[in-house]
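Chemist: For reference, the structure I am asking about is given below.
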Amino acid sequence: MAADPSTPNLSPTQMADAKILRGQGGETHQVAEGDVPVLTTQQGVPVADDQNTLRVGARGPALLEDFHFREKIFHFDHERIPERVVHARGYAAHGFFETTDSLADITRADLFQRKGERTPVFVRFSTVAGNKGSADLARDVRGFATKFYTKEGNWDLVGNNIPVFFIQDAIKFPDLIHAAKQEPDRAFPQAQTAHDNFWDFISLSPEATNMAMWIMSDRTIPRSFRFMEGFGVHTFRFVNAEGKSTFVKFHWKPKLGMQSVVWNEALKINGADPDFHRRDLWDAITMGDFPEWEMGVQLFDEEFARKFDFDVLDATKIIPEEVIPIRRVGRLVLDRMVDNFFAETEQVAFCTQNVVPGIDFTNDPLLQGRNFSYLDTQLKRLGGPNFTHLPINAPKCPFHSFQQDGHMAFHNPKGRANYEPNSWGGPAGGPRESPERGYRSYPETVSGDKLRVRPELFADHYSQARQFYLSQTKIEQTHIKDAFVFELSKVETPAIRARMVSHLRNVDEALAKMVADGLGLMELPPAAPPARPVKKDLKPSKALSILENPPPSFAGRKIGVLVSDGVDATLLGALQTAAKAEGALIELVAPKVGGVTASDGTVIPAKQKVNGGPSVLYDAVAVLVSEEGAKLLAREATAKDFVSDAYAHAKFIAHVPAAAPLFEKAGVTDMDGGFVALGKAADAKAFVQACRALRFWDREAKVHAV
Ligand code: HDE
């Protein structure tokens, strides 16, 4: 029979040479020449030919006895597990939490006792609505879920990048998510809320108004995971060694400061690099630029809870930082990517009910519902009760129980005792309860009638929505208005558009008018009757604005440099030095990915060909082309987009005089204060310093007419 033209990994001689070696751990590995492992079946049987099925003659039928083929296809057929019903698209990394301020007086939680102590963590970021393969820059809330592998068990803080939520009672969660996800008859739109069902539900649920303001803000289009805040959302309880309880709200503050993209950029990033956020985290961690957050806690007691304007059990409300300041107690550092996405990121199972001694729940009706839901959903998604045996979910502290059997049981107790109490005594009797160390629920006194009602204060749906809006800068308020207009313009039913505007009238009249105008509504609908009077005297909170909290530097950001043959080598070098000194990155975009020949004759490889490296992928851009290069690129549509988009997205733009024809052809003639001319090497530093402001916002009003 003629030799098969395909090339197996190992030649027949190598196969024959395959030998069994004993590994360090005593296990045996079958290896061929040069220490390359031999391909085997799941049963460890060496495979001779992985290119052809076993068949009768060269053109005959396949044989059932081909166990290698059967096993391979069988396994492939079953590779997928159900994606998460929400937060399906996610990306995760390992790291540690370091306690920087002991909370020993407030909680007995072991991880908060000793300053300087590190606890391993696994953090998964996600979008909510999109399916597993959706794009990263969907306008959406981001999940920020942290598993702390503490010495007294796993604690999961399953939070979001927004401190409030849409609904107040978990019983509404299926409705909210059904409305947000693709519509059931047509299965679109995916990963976006700009459609009738979503806004129908929101406009019929006044409790969602505060969250609607947050999701229409730039918080839902973060520059990447590294630049967003995180929140535990609910009020939790800390309990100290004496059994005293303190309420707590958890916050994550990014070291690099907050940053978002602009909406038009988000739309384009989704096309240019749908994995923009994944790539960013991967690049940062693999380069050793480890993302970091500080953990902050807001601590308060029953008395504050009684006096506060809002109910602390209501997850649609915040406690402003100006009212209860944030105490910074630790830092979170992500320093290791996963070895295998499926094993870790996909199989990690967060459960809000994973708490440790010293951390307890409150009666927030959303949290209570979540406590039921997470365990339940993991059973379906991971296929059995033993998902805690998977390495990513197993505690890193010792653990012993009498739970046994079930699908895929890896941790199996030894010996006779599988129940307690038992009289076997000593180690043979298995683990025992520990009244001192064991988890004890806070003995809150509760009594009351069985009712399906919500507390009175929950009914204030607009006051904090108004406070959020008034806490934003003018630029951010415009973005919120534009986002409402964009989303509601995709809603096909005029009555839904109007109903949403009727809620906005309770938030801010001017906003409602601008949105109505942007939608072309003939008349302003009457304001929705508020269930409780809107508090108009809440003080704006600076902490709620992204732009009021600018980053300390341009570190962690990326400059896209458009270059051509003849690029000024000195200037490029100066830009590289200035960026490096700031902790920022440079990426070269060129007519050909092979690179360019600089003015000093050196050949510099590019990272992107110009049509694959649009300026939306960068925080700022520089155009360092030669005269010849400018002429060439002035005829290239994607090069013109590079500069016109950078301009439209209010980015800082460095340029050399030779680039003028490209700008002209791109229609960018207004060289405003966001432009920095690079004449000499020192200008590069000035450019990077200017970039610290992230955007030249003054330009924005000039590029938007509708
Ligand atoms: Fe979740 N949520 N959720 N959620 N949630 C899930 O659990 C649920 C809510 C959050 O990276 C599910 O493992 C209910 C608020 C994150 O694996 C599910 C309610 C907050 C993640 C579930 C909420 C969150 C989830 C789906 C209303 C912020 C991703 C897959 C009461 C504080 C975790 C899964 C990861 C995932 C239920 C509301 C955050 C179905 C019933 C509020 C970050 O159990």
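Laboratory data are not the source of any read-out in this text; all were calculated from the coordinates shown. Given the structure is predicted, the values throughout are model-derived calculations rather than measurements. Glycine also receives a Cβ, built like all others from the backbone with ideal geometry; neighbour counts cover every protein chain displayed.
Chemist: Students often check this: by mean Cβ neighbours within 10 Å, which of 378-387, 621-630, 274-283, 393-402 ranks highest, and how do the rest follow? Please report the intermediate quantities before stating the final value.
Modeler: Working: 378-387: 16.3, 621-630: 24.4, 274-283: 18.3, 393-402: 13.4.
Final packing ranking: 621-630, 274-283, 378-387, 393-402.
Chemist: Please identify which residues in segment 484-506 have an amide N closer than 14 Å to a label point set 7 Å out from the Cα of residue 537, following the Cα→Cβ vector.
Modeler: Answer for segment 484-506: none.
Chemist: Calculate the spin-label point distance for residue 689 paired with residue 611, positioning each point 7 Å from the Cα along the beta-carbon direction, and give it in nanometres.
Modeler: 4.1 nm
Chemist: Further question on the same structure: Per the helix-only calculation at 222 nm, which mean residue ellipticity applies to the chain, given -39500 (n - 2.57) for every DSSP H run of n ≥ 4 and division by its residues, nearest 500 deg cm²/dmol? Walk me through the numbers before you get to the answer.
Modeler: Details: 19 runs with 189 residues, N = 706.
Taken over the chain, the calculation gives -8000 deg cm²/dmol.
Chemist: Here is a further query. For Cα pairs less than 8 Å apart in space and 6+ apart in sequence, what is the mean separation divided by the residue count of segment 558-703, i.e. the relative contact order in percent? Intermediate values should be presented prior to the final figure.
Modeler: Numbers: 296 pairs, mean separation 36.8, N = 146.
Normalised by residue count, the contact order of segment 558-703 is 25 percent.
Chemist: To continue, here is another question. In what order do 492, 344 fall by count of nearby beta-carbon atoms within 10 Å, going from fewest to most? Write down the numbers at each step before the final one.
Modeler: Values: 492 9, 344 20.
Result, fewest neighbours first: 492, 344.
Chemist: Something else about it: Modelling each spin label as a point 7 Å along the Cα-to-Cβ direction, I'd like the residue 704/residue 282 distance in nm, to one decimal.
Modeler: Result for the modelled spin labels: 3.2 nm.
Chemist: Next question, about the same structure. Efficiency by 1/(1 + (r/R0)^6): what FRET value for residue 403 and residue 446, r their Cβ-Cβ distance, R0 = 25 Å, to the nearest 0.05? Could the numbers behind the result be given before it?
Modeler: Working: r = 29 Å, r/R0 = 1.17.
Between residue 403 and residue 446 the formula returns 0.30.
Chemist: Quick one: how many lysine pairs in segment 458-544 have C-alpha atoms under 17 angstrom apart, if they're 8 or more apart or on different chains? Mind showing how you got there, number by number?
Modeler: Values: 474/513; 474/539; 474/542; 481/490; 481/513.
Count of close lysine pairs: 5.
Chemist: Using the Cα gyration tensor of segment 90-355, with a ≥ b ≥ c the square roots of its eigenvalues, what is the shape: rounded (a/c below 1.5), prolate (a/b larger than b/c) or oblate (neither)? Numbers along the way, then the final one.
Modeler: Numbers: a/c = 1.87, a/b = 1.22, b/c = 1.53.
Oblate shape, in that a/c is at least 1.5 and b/c is the bigger or equal ratio.
Chemist: Return a whole-number percent for the relative contact order of the chain, with Cα pairs under 8 Å and 6 or more residues apart as the contact set. Provide the component values of the computation, followed by the final result.
Modeler: Values: 1338 pairs, mean separation 78.0, N = 706.
That works out to 11 percent.
Chemist: Classify the chain as rounded, prolate or oblate, taking a ≥ b ≥ c as the square roots of the eigenvalues of its Cα gyration tensor: rounded when a/c is under 1.5, otherwise prolate if a/b is larger than b/c and oblate if not. Don't skip to the answer; put the middle values down first.
Modeler: On the way: a/c = 1.67, a/b = 1.04, b/c = 1.60.
Judged from the Cα gyration tensor, the chain comes out oblate (a/c at least 1.5, b/c at or above a/b).
Chemist: Could you derive backbone 3J(HN,Hα) for segment 310-323 from the dihedral phi with the Karplus parameters 6.51, -1.76 and 1.60 (θ = phi - 60°), listing whole Hz in sequence and x where the residue is Gly or Pro?
Modeler: Here the 3J(HN,Hα) series is 10, 7, 6, 8, 9, 6, 8, 10, 10, 10, x, 4, 6, 8 Hz.
Chemist: If I take every Cα pair under 8 Å that is 6 or more residues apart in segment 458-544, average their sequence separation and divide by the length, what percent do I get for the relative contact order? Before the final figure, lay out the partial values.
Modeler: Values: 93 pairs, mean separation 41.4, N = 87.
That works out to 48 percent.
Chemist: For the ranges 442-453, 68-79, 306-317, 350-361, what's the packing order if you count other beta-carbon atoms within 10 Å of each residue, average per peptide, and put the highest first?
Modeler: Values: 442-453: 6.8, 68-79: 12.1, 306-317: 18.7, 350-361: 21.2.
Highest-to-lowest ranking by the protection proxy: 350-361, 306-317, 68-79, 442-453.
Chemist: If you don't mind, there's one more thing I want to ask. Provide the net charge surrounding residue 332, with neighbours chosen by a C-beta distance below 9 Å and charges set as Lys +1, Arg +1, Asp -1, Glu -1. Mind dumping the intermediate values first?
Modeler: Values: positive: 331; negative: 98, 292, 294.
That works out to -2.
Chemist: Moving on to the next point. How would you classify segment 312-351 from its alpha-carbon gyration tensor, with a ≥ b ≥ c the square roots of the eigenvalues: rounded for a/c under 1.5, else prolate if a/b is greater than b/c, otherwise oblate? Walk me through the intermediate numbers first.
Modeler: On the way: a/c = 4.88, a/b = 1.93, b/c = 2.53.
Note, shape of segment 312-351 comes out oblate.
Chemist: Please rank 603, 164, fewest neighbouring Cβ atoms within 10 Å first, as an exposure proxy. All intermediate terms of the calculation are to be shown ahead of the outcome.
Modeler: Values: 603 10, 164 22.
Placing the least packed residue first, the sequence is 603, 164.
Chemist: Treat each spin label as a single point 7 Å out from the Cα along the C-beta direction, and report the residue 376 to residue 275 distance in nm.
Modeler: About 3.5 nm separates the two model spin labels.
Chemist: Could you give the length gained by full extension between residue 414 and residue 587, i.e. 0.36 nm per residue of separation minus their alpha carbon distance, to one decimal place?
Modeler: Details: separation 173, 0.36 × 173 = 62.28 nm, distance 5.68 nm.
My answer for the length gained is 56.6 nm.
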